[in-house]
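Bear in mind these aren't lab numbers, they're just calculated from the coordinates by the rules spelled out. Since this is a predicted model, take the numbers as computed values, not measurements. Neighbour counts are summed over all protein chains in view; Cβ atoms, including those assigned to glycine, are modelled from backbone coordinates with ideal geometry.
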Amino acid sequence: AVVALGDGAAEATLATTDIPDGDYTKARLTAQEGIVDITAMFNGQQLSAQFRTPADQPLELEKDVEVIINEDGSRTLRIELIAVHDLESRLVGGSQIMLTVTGELGVMSASANFGASFTAADRSDPADADVSGNVTFTGLTIEISADGENWLTVSEESGEAVVSLADGAAAATLVTVDEIPAQTYTLVRLTATDAVVDITADLDGRQFDAQLDPAGDSPIVVEKALEAVVNEDGTTTFHFELECIRTITHSNHADGEVLIIDGDLGAAQARIG
């Protein structure tokens, strides 16, 4: 049987059976296991967890019964549960969020989870040049960490994302996940099978348009600091900032003029003109 938490008006039928007539005042509920799924707000952040009673200790509750005589003459024996008296959150190990519930099913603890979106923006500002354009990432893998040693993969070679160059206010959503363990993540590792840079650059009094591929035959790997933002609706957004173009120059080679960039994605060059 499934009983909705916190909604006394949402009754669940536990059993339908014939019983001897009598003035029943008590009911004993016994179950092999009790599972409590909770979603709650803590400091404006929405967290969820699943709690289970010990599998080796069958659940037994004794409750007062309210007897209701229905219009057809049958009777409904109604009991009320208080599965949650109290719910607390705490940090474990400096980063992991745990929830503890206290109620008629006992005291239970479980790791918390939350849904999250991951966004990125580019703040490229190379000296002596104005740049615009975008970077198209494909085959994105996003990993996050609370300590720089243990990494959680939240997406693996999934889809593509386009990030505007040199526009820190234009955050691009890379991936959205329904549920990840709730921790104070501080680092992100972005891996892309390819990253194509389409750029317009005003440099040395001239304007250049080029498409560059820093990845070449190797994947792009970038590690950055991660900032968590709790939104008004309780969801969490993790944001990080790139510097895809740290330097940009142009040079004359034997086979023509080239534009050269270097930054978070590595070095790349392309013929221009």
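Take the Cα of T25, go 7 Å toward its beta carbon, and the backbone nitrogen atoms of the stretch 42-78 under 12 Å from that spot belong to 64-65. Other residues lying with their Cβ under 14 Å from the Cβ of F51 contribute a combined charge of -4, Lys and Arg counting +1, Asp and Glu -1. Over all projection directions, the Cα-based convex hull of the stretch 107-215 averages an area of 8.7 nm².
Take the Cα radius of gyration of the stretch 1-126 and divide it by 2.2 N^0.38 Å, N being the number of residues; the result is 1.52.
Normalised by the number of residues in the stretch 185-264, the mean separation of alpha-carbon contacts (under 8 Å, six or more apart) gives a relative contact order of 24 percent. Under the simplified labelling scheme, the T138-H85 pair shows an inter-label distance of 6.0 nm, with each label point 7 Å from Cα along Cα→Cβ. Considering only the Cα atoms of the chain, their convex hull presents on average a projected area of 21.3 nm².
With contacts taken as Cα pairs under 8 Å and at least 6 residues apart, the chain reaches a relative contact order of 15 percent. Think of each Lys and Arg Cβ as +1 and each Asp and Glu Cβ as -1; about the Cα centre, that makes the dipole of the chain roughly 440 debye. With K and R counted +1 and D and E -1, the other residues having a Cβ less than 15 Å from that of D128 yield a net charge of -3. Here r is the Cβ-Cβ distance between T249 and L14 and R0 is 51 Å; the resulting FRET efficiency, rounded to 0.05, is 0.10. With each label modelled as a point 7 angstrom along the Cα→C-beta vector, the E232-L61 pair spans 3.7 nm. The Cβ shell under 13 Å around A4 holds other residues with a net charge of -4, Lys and Arg each +1, Asp and Glu each -1.
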